[in-house]
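Asker: Here it is, the structure in full.
The values are calculated or read from the model by the stated rules, or taken from the named source; none is laboratory data. Values in this document were obtained by computation on a predicted structure and should not be read as measured data. Every residue, glycine as well, gets a Cβ built from its backbone with ideal geometry; the counts of neighbours run over all protein chains shown.
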Amino acid sequence: MKNKPTVTVTVSPNGPYVVEGAAPLSKMTIVANRKGGSEDWRETRQYETKEKMALCRCGQSARKPYCDGAHAKIGFDGTETANRAPYLEQAQEIDGPAMILTDVESLCAFGRFCDPNGRVWNQVAESDNPEVAQNFVRQVNNCPAGRLVAWDRKTKKPIEKELPVSIGLVEDPVEGCSGPIWLRGGIQVIAGDGFKYELRNRVTLCRCGQSSNKPFCDGTHASMKFRDEPSSV
Ligand code: SF4
Ligand code: FES
């Protein structure tokens, strides 16, 4: 990402994410196709935009998405365990004739945009077919976690739809759960010890408190059926 970030998220030790810089906050719901495959995103609720806010990351606040201090009562262990190396140093590369796919599996947020139309790992092998390539790029760009990135083989540049600076709270009706906090458009994540994680267009942060890859989401919210409010889907 080229531009200086205007919004920062600081991971407070065993406490909330402190968001500074007036990012628009909304609920982002996964829209499924007829077979239940993840197809698109829809904004289903907007929250008040605040210059500074504390978003719950222990999963136990009674005022989600905001922190209400429950983390202290439950003795939340928010230790950050994620690999701090830049994305490309961790990525596996899958080559295709016209495009390349890079993949860091540990970042997967289980949104399943990679699965329809034959799965992106197979599509890349047919990336010289315009129809396949179109689905491939769309599906990879819909991957909220930035686990997947598509590259143009000739120019060696990422094929990345720049997203507006904004924060989404993921809802997954097919799985019947709420998902991670989706940071879009280059929001700077700062660790509790001051380390600045790589600035990226798509990042998902754990919101249920149970990820083994904190501060990032690892998909655990789906197996534990995390809900941010009783009627959130
Ligand atoms: S985070 Fe990306 S790779 Fe993981 S399931 Fe979602 S779309 Fe697929
Ligand atoms: S992080 Fe404070 S209540 Fe969850």
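Asker: Based on what the data block shows, is residue 93 part of a strand (DSSP E or B) and surrounded by fewer than 16 Cβ atoms within 10 Å (Cβ to Cβ)? Before you say what the answer is, go through the steps one by one.
Answerer: Working: part of a strand (DSSP E or B): yes; surrounded by fewer than 16 Cβ atoms within 10 Å (Cβ to Cβ): yes.
The answer is yes for residue 93.
Asker: Shifting gears a bit: Would you confirm whether or not segment 4-26 contains a residue that is in contact (Cβ under 8 Å) with a residue 40 or more places away in the chain and of a type in the set (D, E, K, R)?
Answerer: Among the residues of segment 4-26, not one is in contact (Cβ under 8 Å) with a residue 40 or more places away in the chain and of a type in the set (D, E, K, R), which makes the answer no.
Asker: Something else about it: From 167, 187, grab the single residue that is β-branched (Val, Ile, Thr) and within 16 Å of ligand 2 (Cβ to nearest atom).
Answerer: Values: 187 fails: within 16 Å of ligand 2 (Cβ to nearest atom).
Being β-branched (Val, Ile, Thr) and within 16 Å of ligand 2 (Cβ to nearest atom) holds for just one of 167, 187, which is 167.
Asker: Still on this structure, please answer the following. Are any residues in segment 31-65 within 16 Å of ligand 1 (Cβ to nearest atom) and among the small types (Gly, Ala, Ser), and if so, which ones?
Answerer: 32, 36, 37, 38
Asker: What number of residues in segment 100-146 are within 16 Å of ligand 1 (Cβ to nearest atom), over 21 Å from residue 208 (Cβ atoms) and either assigned by TED's automatic domain parsing to the domain that holds residue 213 or not in a loop (DSSP other than H, G, I, E, B) (or both)?
Answerer: 17
Asker: Report, ordered by the first and then the second residue, all pairs with beta carbons closer than 7 Å, sequence separation of six or more or different chains, a first member in segment 139-154 that is free of Cβ contacts under 8 Å to residues at least 40 places away in the same chain and hydrophobic (A, V, I, L, M, F, W, C), and a second member that is within 10 Å of ligand 1 (Cβ to nearest atom) and assigned to a helix (DSSP H, G or I).
Answerer: 140/120
Asker: Taking the conditions exactly as written (at negative phi and either assigned to a helix (DSSP H, G or I) or free of Cβ contacts under 8 Å to residues at least 12 places away in the same chain (or both)), does residue 88 satisfy them or not? Can you show your working first?
Answerer: Values: at negative phi: yes; either assigned to a helix (DSSP H, G or I) or free of Cβ contacts under 8 Å to residues at least 12 places away in the same chain (or both): yes.
Spelling it out, residue 88 is indeed at negative phi and either assigned to a helix (DSSP H, G or I) or free of Cβ contacts under 8 Å to residues at least 12 places away in the same chain (or both).
Asker: Given (1) away from ligand 2 (no atom under 16 Å from the Cβ); (2) within 17 Å of the chain's Cα centre (by Cα); (3) within 30 Å of residue 157 (Cβ to Cβ), identify the lone condition not met by residue 9.
Answerer: (1)
Asker: Of the residues 39, 51, 43, which single one is over 18 Å from residue 199 (Cα atoms) and surrounded by fewer than 12 Cβ atoms within 10 Å (Cβ to Cβ)?
Answerer: Numbers: 39 fails: surrounded by fewer than 12 Cβ atoms within 10 Å (Cβ to Cβ); 43 fails: surrounded by fewer than 12 Cβ atoms within 10 Å (Cβ to Cβ).
From the options 39, 51, 43, the qualifying one is 51.
Asker: Could I ask something else about it? Within segment 143-184, track down each residue that is surrounded by 23 or more Cβ atoms within 10 Å (Cβ to Cβ) and aromatic (Phe, Trp, Tyr).
Answerer: 182
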